[in-house]
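Before any comments, here is the structure.
The values are calculated or read from the model by the stated rules, or taken from the named source; none is laboratory data. Remember, it's a predicted structure, so these values are computed and weren't measured experimentally. Reconstructed Cβ throughout: ideal geometry from the backbone, glycine too, with neighbour counts over all protein chains shown.
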Amino acid sequence: MADIIDGNSIAAALRTDLAGSVDRLVDADHRPTLATVLMSPDPASETYVSMKQDDCEELGIDSRDVRLDTDAAAATLFETIDDLNRDGDVDGLLVQSPVPDHVDYREVVERIDPMKDVDAFHPENVGRLVAGYPRYKPCTPHGIQQLLAATGVDTAGADAVVVGRSRIVGKPMANLLIQRAPGGNATTTVCHSHTDDLGAKTRQADIVVAAAGVPELVDGSMLKPGAVVVDVGINRVETDDGGSELVGDVAFESAREQAGAITPVPGGVGPMTRAMLLYNTVKAAGLQHDVAVDLPDLAG
Ligand code: NAD
């Protein structure tokens, strides 16, 4: 039976350390500030934004909560971004995705000042990560890197398989795992929707990161005994009684009989993603106000 990796407690420890970094900034006369912009047609986005605001408040980070009508002009969103870019009190800025169809999300991402880009989606920040000198790391893969380090998983020399090649999870995860840096140095295979015989690939892996958005795609028969399994997926599926439940991209019960350690859904990757947004906001404040914030880094 696999050990369960408790993302909630690892994230809580990180947040406690981050509170110390917030104190250092406040002592230097700057309270870190995150601005969130919501213009999403998806009702779940409002919940995500509210959670981000609550997380900030808990840590003593100020937040700005900007909400635009979904039928507002794209220019209104761009002007909002420009204003927040210019605002010296705002350290971090994110636009909650998705945006309405009449707005080009790529333009949104490129409009955000790369120094304030706490999602780390701007091409400058993506490029720096790939080149090996990251400024901000995207929250989910960075959270997974920290989770593995906290669990004592040595990625150096390990065979890792990342299932999924998205811009926000799969690709940056693979990039972090291959970095010549702590939390990296893994021999990494990226699988995706065109991969032939996924199980043959995952069965070779010491570490499997499943980020496909397909409920229970990876089961125990697709794992090497003792593998470390990180389940990124969050999928709402119908239950037999007509209700619904959240499941990951990993079939938890069968996988835990084969794996050495596994993250649950919920309570695994999700809390780490949230903690790393706070991390990036504190980092952004330190960089822009020239304050040494001494960020926690479990990967060393
Ligand atoms: P996405 O839809 O953008 O990308 C999914 C990727 O999986 C694609 O690259 C696709 O090629 C690949 N894929 C799809 N079917 C596959 C298959 N059968 N075999 C192999 N690869 C396949 O999704 P995303 O944004 O990367 O998110 C993935 C999942 O993670 C979703 O369930 C999402 O809700 C969840 N998520 C969770 C967090 C968190 O904090 N826990 C954060 C981001 C995303």
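Brief remarks follow.
- Pair list, Cβ under 7 Å, 6 or more apart: region 238-258 residue in contact (Cβ under 8 Å) with a residue 60 or more places away in the chain and in the same structural domain as Leu217 (by TED's automatic domain parsing), other residue within 16 Å of the ligand (Cβ to nearest atom) and among the small types (Gly, Ala, Ser): Asp249/Ala210; Asp249/Ala211; Asp249/Ala212; Asp249/Gly213; Asp249/Gly233
- Candidates Ala35, Ala28, filtered to the one that is farther than 21 Å from Val109 by Cα and modelled with pLDDT of 95 or more: Ala28
- Residue list for region 194-233, restricted to those being among the β-branched types (Val, Ile, Thr), within 23 Å of Met1 (Cα to Cα) and near the ligand (Cβ under 8 Å from one of its atoms): Val232
- Residues in region 131-188 that are within 11 Å of the ligand (Cβ to nearest atom) and in a strand (DSSP E or B): Val161, Val162, Val163.
- Any hit, region 275-282, residues being away from the ligand (no atom under 16 Å from the Cβ), farther than 15 Å from Ala211 by Cα and in contact (Cβ under 8 Å) with a residue 12 or more places away in the chain: yes
- Some residue of region 160-183 being over 17 Å from the mean Cα position of the chain (by Cα) and closer than 21 Å to Val250 by Cβ: yes
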